[in-house]
Structure formats: structure tokens, C-alpha cells
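Worksheet: one structure, shown below.
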Amino acid sequence: MQLRYTYRLYPDRDQRAALARLFGCVRVVFNDALERQNPVKASNKLLGSPKARTAQGPYQRVPKNTELSKALITEAKRTPQREWLAQVSSVPLQQALRDLDKAWKAHEDSKSGKRKGAKVGAPRFKSRRDNTQSARFTNNAKWKITAPGKLSLPRVGQIKVVWSRELPSTPTSVTVIKDAADRYFASFVVQTNADEVLPETTPEVGIDLGLSHFAVLSDGTKIANPRFLRRAERKLKRTQRALSRKTKGSNNRAKARRKVARAHVRMADARRNFHHKLSATLVRENQAIHVEDLSVQGLGRTRMAKSVHDAGWSAFVNMLQYKATRYGRSFSKVDRFLASSQTCSECWAIDGPKPLHVREWTCKACETTHDRDVNAARIVLAAGRADRSNACGGTVRPAA
């Protein structure tokens with residue numbers, strides 16, 4: 001499988017200027033290509049689909065990458081308006097055209113139903129004020145990692161890198177990213193090997209995700225919810241108020257904006273670190289992991305929206321899934337309509353719905369007293385085991 005490894009970069013003043021020039025050239029090529037394609041696609045859309053055309057007129061062919069590359073990069077460098085494109089490597093400029101192709105494909109596949117999930121909008125023009133800017137170098141750009149451990153990029157120079165861990169294999173590309181807090185990162189795409197499979201172990205775990213506790217495991221373990229947003233809320237409000245008082249376009253407003261961005265990235269980094277550590281521990285200690293398939297998008301529209309987004313359930317579950325695949329563990333999502341809070345994990349009787357303030361309940365059939373979250377985690381574990389048994393052709397039986 002392919003993984004992405006990200007490292008912090010510390011460019012000097014000249015390298016920052018070179019990277020700003022590179023980001024600007026990438027943005028201009030992307031916008032120029034989009035400006036050429038938009039009228040053609042809009043004209044074709046008015047004619048309707050080829051099978052059910054409602055207007056007369058021929059379809060126009062959308063310019064392809066080779067034509068756009070020749071017109072917007074090779075030939076544009078010879079014009080006074082775009083001669084500064086020659087000051088940067090041409091590979092990131094060509095990658096910008098490929099990114100535009102992918103964006104159009106995602107939009108069209110989303111409309112036709114080939115792409116599952118939420119609808120994807122059409123590509124939009126990039127702005128110099130975008131919070132995140134990036135440029136991607138492939139191997140034919142002749143970038144390299146030098147002997148002192150620096151990242152050498154064409155037309156930029158050798159940038160200092162903090163190598164927090166070793167790359168497992170030779171990367172196929174590197175993307176240089178500047179985030180809203182003016183931090184620089186190098187993101188490498190690498191192919192991982194199959195020798196990372198962990199030794200088999202016996203335990204299996206069911207996980208019930210929540211807000212009072214971030215996660216409750218089927219063995220009774222309760223993991224506290226750090227509530228990173230709630231803890232940082234006072235500082236975020238203070239920095240945002242300071243930003244709102246600054247004059248638009250002033251240097252003080254730019255400094256205040258960076259303070260707000262840094263407060264947000266510190267909170268996001270802490271949450272991501274918590275998710276990584278917890279998911280790694282669960283994958284390392286359990287052979288099979290079962291979680292409930294929550295509708296985070298739906299819960300994000302309720303009065304609990306801030307707490308739901310603060311917990312970051314989707315990011316955590318995605319980490320569990322790819323780490324389980326990478327290390328040879330089993331991972332499954334049970335049906336989101338499973339009555340985990342209504343079913344007794346001892347006798348399997350459905351006791352009926354309960355309001356959220358009820359944290360303990362007694363089964364009417366077997367008179368067993370349950371902790372609501374621990375019982376739900378055990379039901380998730382049993383359902384996950386039953387799904388695995390069905391997939392393997394075995395018998396289905398409850399497992400508490």
C-alpha cells in the first residue's frame with residue numbers, strides 16, 4: 001500500500017522567496033488552464049448529453065494536458081506576460097495540469113454516480129490568499145535527499161529537514177506544502193512492503209465512540225475525551241477578537257492572522273497526535289477491531305455538532321482502518337442501525353430505547369445491570385464477530 005510521510009521544513013529567506021515564486025507559478029498555470037476549459041465545458045453543457053440533446057450545435061473538444069502544457073508553459077515562457085515561468089522548475093507546473101484533470105474527473109464521476117459519497121463541485125480558481133499552497137515534484141524533476149539530510153529541490157536549493165523517522169522505501173514524489181501558519185512541510189509518497197505484518201495475537205475489541213468518553217472498549221476500558229477545541233476555546237476567542245480589531249491590509253492584521261492560524265494548528269496537531277497514538281495501541285494489542293459505522297455528517301448537524309467535530313471520529317476510524325490493513329489486522333464496521341444501546345450483551349434481549357442521560361440500565365429479561373457504553377461496545381464486538389463468521393461461512397452466535 002502507498003503511504004504519505006510528512007516532515008517539517010525550515011527554508012531560509014532566499015528559499016522562502018523561491019518557494020513563494022514556485023507556488024505563484026503553479027497557481028497561475030492552474031488558473032490559466034481552468035480559464036480555457038470553463039467556457040468549453042459550459043458550452044457543451046448547454047447542448048445536453050449526446051444521447052438526449054436538447055439544443056443544436058456541435059460539441060467542442062476540451063483542451064487536453066499536452067495542448068495546455070505546450071500553450072500555457074512552453075510557449076508562455078517566451079511571452080513578456082509569462083516569461084517569469086522560466087524561473088521555476090517545469091515539473092510542478094505540469095503537475096498542476098494533472099491536478100486539474102483529477103479535479104474535473106472527480107466532479108464528473110460524482111455527477112454520474114461513479115464516485116460514491118458527497119457531491120464534488122467543479123474546480124475553482126486558486127487565490128494567492130489561500131490558506132494552503134503546494135507544489136509537487138516527481139522523480140523526473142531530479143530532486144534528491146542529499147548526504148547531510150537536506151532536501152534538494154531544483155531552482156530552490158537545499159532545504160533543512162527535520163527527519164522525525166526514516167522513510168521505509170524510496171519515495172516516488174515529494175510535495176512541498178505551506179500551511180496557514182506559515183509552516184513548510186515535505187510530504188513523500190512511499191510504497192510500503194508486506195514485511196510489516198505484526199505477529200498474530202488473540203484479543204479482539206469492540207469500540208463504542210462517544211462524547212463523555214472518547215472511546216469505550218468491550219473489555220471495560222474507558223478512554224477520556226481530551227476535548228482539544230473546548231480547552232483551547234478561550235485562547236482562540238481572544239486571538240480572533242484581536243484579529244477583528246486590526247485594519248484590513250495592514251501588517252498588524254497579517255501578524256494577528258498568523259496567531260489565529262497557529263492556535264488552530266496547535267489544537268489540530270494535538271488531536272492528530274492523540275488519534276495516532278490510540279489507534280496504534282489498539283492495532284498493536286488486538287487481532288480484530290470492530291467499530292460502529294457512525295453517521296458523523298448527520299451528527300454534525302445536531303446541537304452536539306461542535307463536540308462531534310472536536311472528537312474527530314472519522315479521522316480516528318480512518319487511521320484504525322489503514323493501520324489494521326498495514327499490519328495484518330482485521331477491521332470491520334458494524335451496521336450503524338445496530339441497536340447497541342438497547343440490546344443486552346448477556347441474554348441478547350432488546351430492552352427498548354433509552355434517553356441519553358441514562359448511563360446505566362437493568363435488563364428486564366435477565367436483570368443484569370449494564371453500563372450503557374460498555375454494553376454497547378460488547379454488542380459491537382459480538383456483531384463484528386458475527387459478520388466475520390458469516391464472511392468465513394461459519395455459524396453465527398452472540399459473543400459478549
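The values are calculated or read from the model by the stated rules, or taken from the named source; none is laboratory data. A quick note: this is a predicted structure, and the numbers were derived from the prediction, not measured. Note that we place each Cβ from the backbone using ideal geometry, even for glycine, and neighbour counts take in every protein chain shown. Side chains are part of the model used for accessible areas, which takes the heavy atoms of the whole protein and leaves out ligands, DNA and RNA. Shrake-Rupley method; radii C 1.70, N 1.55, O 1.52, S 1.80 Å.
Tabulated data
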read-out	value
Residues satisfying the stated conditions in region 150-172, i.e. under 15 Å from Arg16 (Cβ atoms) and open to solvent by 90 Å² or more (accessible area, probe 1.4 Å)	Arg155, Gln158, Lys160
Asn140 polar (S, T, N, Q), open to solvent by 30 Å² or more (accessible area, probe 1.4 Å), in a loop (DSSP other than H, G, I, E, B) and in contact (Cβ under 8 Å) with a residue 24 or more places away in the chain	no
Boolean, Val161 is of a type outside the set (Asp, Glu), touching a residue at least 24 places away in the same chain (Cβ under 8 Å), more than 19 Å from Asp99 (Cα to Cα) and out of contact with any Asp or Glu (no Cβ under 9 Å at 6 or more places or on another chain)	yes
Selected residue (only one of Lys105, Lys160 is basic (Lys, Arg), out of contact with any helix residue (DSSP H, G or I) (no Cβ under 7 Å at 6 or more places or on another chain) and more than 25 Å from Tyr7 (Cα to Cα))	Lys105
Subset of region 340-353 that is surrounded by fewer than 21 Cβ atoms within 10 Å (Cβ to Cβ) and in contact with a strand residue (DSSP E or B) (Cβ under 6 Å, 6 or more places away or on another chain) - its residue that is farthest from Met319 (Cα to Cα)	Ile350
Answer from Ser250, Ser244, Ser218 - the residue that is of a type in the set (Ser, Thr, Tyr) and under 30 Å from Glu346 (Cβ atoms)	Ser218
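One line per residue, one yes/no per condition, for (1) exposed (fewer than 12 other Cβ atoms within 10 Å of the Cβ); (2) polar (S, T, N, Q); (3) in contact (Cβ under 8 Å) with a residue 12 or more places away in the chain; (4) in a helix (DSSP H, G or I):
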| site | (1), (2), (3), (4) |
| --- | --- |
| Val190 | no, no, yes, no |
| Leu198 | no, no, yes, no |
| Val205 | no, no, yes, no |
| Asp208 | no, no, yes, no |
| Val216 | no, no, yes, no |
| Asp219 | no, no, yes, no |
| Ala232 | no, no, yes, yes |
| Arg238 | no, no, no, yes |
| Ala242 | no, no, yes, yes |
